[in-house]
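K.L.:
Have a look at this one.
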Amino acid sequence: MKRESGHQGLDHLLDSNRRWAEGSVREDPTFFQRLVEQQAPKYLWIGCADSRVPANEIVGLLPGELFVHRNVANLVVHTDLNCLSVLQYAVEVLRVEHVIVCGHYGCGGIAAAERATPLGLIDNWLRHIQDVAERRRAVLAPETDRARRADRLCELNVLEQAHNVCRTTIAQDAWSRGQPLCVHALIYRLSDGLLQDLGFAASTPAEPAAELASAIERIEARVKRR
Ligand SMILES: [Zn+2]
C-alpha cells in the first residue's frame with residue numbers, strides 16, 4: 001500500500017506534463033522535433049535554485065533558448081566543476097553570446113549567510129557570500145536597515161559572481177580567441193516579477209574590473225543618499 005501511494009505522489013506532475021506536451025504540439029507541430037535536432041541557445045543563465053525564480057518563464061524564453069545553471073544564491077566559485085563545466089560547454093560548444101548571472105531580492109541563501117546560524121554542509125557554500133559581505137563591508141556598513149542591507153548584499157553578490165565568470169579561463173580564452181561573449185548581472189524582485197540590470201556588462205578582458213567598480217559605486221552612492 002505504502003509503495004502504491006509513493007508511486008501516485010507524482011501523478012499530478014505527470015498528468016500536467018502530458019497536457020503541456022500535447023498543448024505544445026497543438027500550437028507548433030514540429031516543436032519537439034526541432035529540439036531533438038539541435039539546441040542553439042544564445043544565453044547562459046546562472047541563477048538561484050529558488051523555486052520562485054524560474055529562469056525561462058521570467059524572460060519569456062522557450063525550451064532550447066536558454067542554457068541554465070542554478071545553485072543556491074547563484075554563486076560562481078572557481079573550484080566548482082559543475083558550474084565551470086556548464087560554462088565551458090555553453091561558451092565553447094554551444095557558443096552562447098551572453099552569460100547572465102541573475103540574483104534575486106529575498107534570497108534565502110543570502111539571508112542564511114547574514115544570520116550565520118549553523119545549517120550544516122551548506123554553511124561551507126554560504127561562506128562565499130560571507131566573503132563578499134566582508135570584502136564589501138564599507139558599502140554595507142552605512143546601511144542600518146536590516147532588510148535594505150540584505151538587498152544590497154544580494155546586489156553585491158550578483159556583481160561579484162558576474163565578475164567571477166569573467167575571471168574564469170573559459171571567458172578569458174573566449175575573449176582571446178575573439179569570440180563574442182558578454183557577461184551581465186541582473187537581479188529579480190519576487191514581489192513584482194521584474195528584472196533589473198545592475199549595470200555590469202563585460203565583453204573584453206579589460207572591462208570586468210571597471211564594470212564591477214562602477215556598479216559598486218552606484219550602490220554605495222544609493223546607500224549614502226538615504
Ligand atoms: Zn536565492
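Where a number appears in this text, it was derived from the coordinates with a stated rule and is not lab data. Please read these numbers as outputs of a predicted model, since none were measured by experiment. Here the Cβ positions follow ideal geometry from the backbone for every residue, glycine too, while neighbour counts run over all protein chains shown.
K.L.:
Once the Cα atoms of helix 208-225 and of the chain are each reduced to a long axis, what angle between those two axes, in degrees from 0 to 90 to the nearest 10, is obtained?
P.N.:
70 degrees
K.L.:
In addition: Between Gln179 and Ala201, take the C-beta separation as r, use R0 = 22 Å, and let me know the FRET efficiency to the nearest 0.05. Working shown, then result.
P.N.:
Values: r = 16 Å, r/R0 = 0.74.
Rounded to the nearest 0.05, the efficiency is 0.85.
K.L.:
List every residue whose amide H lies under 5 Å from the amide H of Gly47, counting only residues 5 or more places away in sequence or on a different chain, with H placed 1.01 Å from N in the peptide plane.
P.N.:
Correct list: His69, Arg70, Asn71, Cys102.
K.L.:
Turning to a different aspect of this structure: So for the pair Arg95, Glu217, with labels modelled 7 Å out along Cα→Cβ, what separation do we get in nm?
P.N.:
3.7 nm
K.L.:
Now for a separate question. Work out how much length Ile122 to Glu65 would gain on full extension: take 0.36 nm times their residue separation and subtract the Cα-Cα distance, in nm to one decimal.
P.N.:
17.4 nm
K.L.:
Let me ask something else. For segment 39-225, take the alpha-carbon Rg, divide it by the Kirkwood Rh, and send me Rg/Rh.
P.N.:
We get a ratio of 0.95 for segment 39-225.
K.L.:
Could you tell me how far the Cα centroid of segment 56-120 sits from the Cα centroid of segment 205-226, in Å?
P.N.:
Spelled out, the Cα-based centre of one part sits 22 Å from the other.
K.L.:
Only loop residues by DSSP count here, and only those with at most 16 other Cβ atoms within 10 Å; note down the trypsin sites (Lys or Arg not before Pro) in segment 44-95 that meet that. Each step should come with its number before you reach the end.
P.N.:
Working: sites: Arg52, Arg70, Arg95; in loops: Arg52, Arg95.
In loop regions of segment 44-95 (DSSP not H, G, I, E or B), the sparsely surrounded trypsin sites (Lys or Arg not before Pro) are Arg52, Arg95.
K.L.:
So, in nm, how far is label Gln39 from label Arg146 when the simple model puts each one 7 Å beyond its Cα toward the Cβ?
P.N.:
4.1 nm
K.L.:
Report the Cα centroid-to-centroid distance between segment 189-204 and segment 128-176 in angstrom, as an integer.
P.N.:
14 Å
K.L.:
What nm value, rounded to one decimal, do you get for the distance between Ala209 and Leu194 when each label is placed 7 Å out toward the C-beta?
P.N.:
3.5 nm
K.L.:
Also, I was wondering about something else. Helix-derived [θ] at 222 nm for the chain: sum -39500 (n - 2.57) over DSSP H runs of at least 4, divide by residue count, nearest 500?
P.N.:
The helix-only estimate for the chain comes to -16000 deg cm²/dmol at 222 nm.
K.L.:
Ordered by residue, what ³J(HN,Hα) values in Hz, to whole numbers, does segment 85-98 give under the Karplus form 6.51 cos²θ - 1.76 cosθ + 1.60, where θ = phi - 60° and Gly and Pro are x?
P.N.:
Here the 3J(HN,Hα) series is 5, 4, 4, 4, 5, 5, 7, 8, 9, 7, 6, 5, 9, 10 Hz.
K.L.:
For segment 1-141, what class follows from the C-alpha gyration tensor (a ≥ b ≥ c being the square roots of its eigenvalues): rounded when a/c is under 1.5, otherwise prolate if a/b is larger than b/c, else oblate?
P.N.:
Judged from the Cα gyration tensor, segment 1-141 comes out oblate (a/c at least 1.5, b/c at or above a/b).
K.L.:
Explain nothing, just compute: Karplus ³J(HN,Hα) = 6.51 cos²θ - 1.76 cosθ + 1.60, θ = phi - 60°, for every residue of segment 162-170 in order, whole Hz, x for Gly and Pro.
P.N.:
Running phi through 6.51 cos²θ - 1.76 cosθ + 1.60 with θ = phi - 60° gives 4, 4, 4, 4, 4, 8, 5, 4, 5 Hz.
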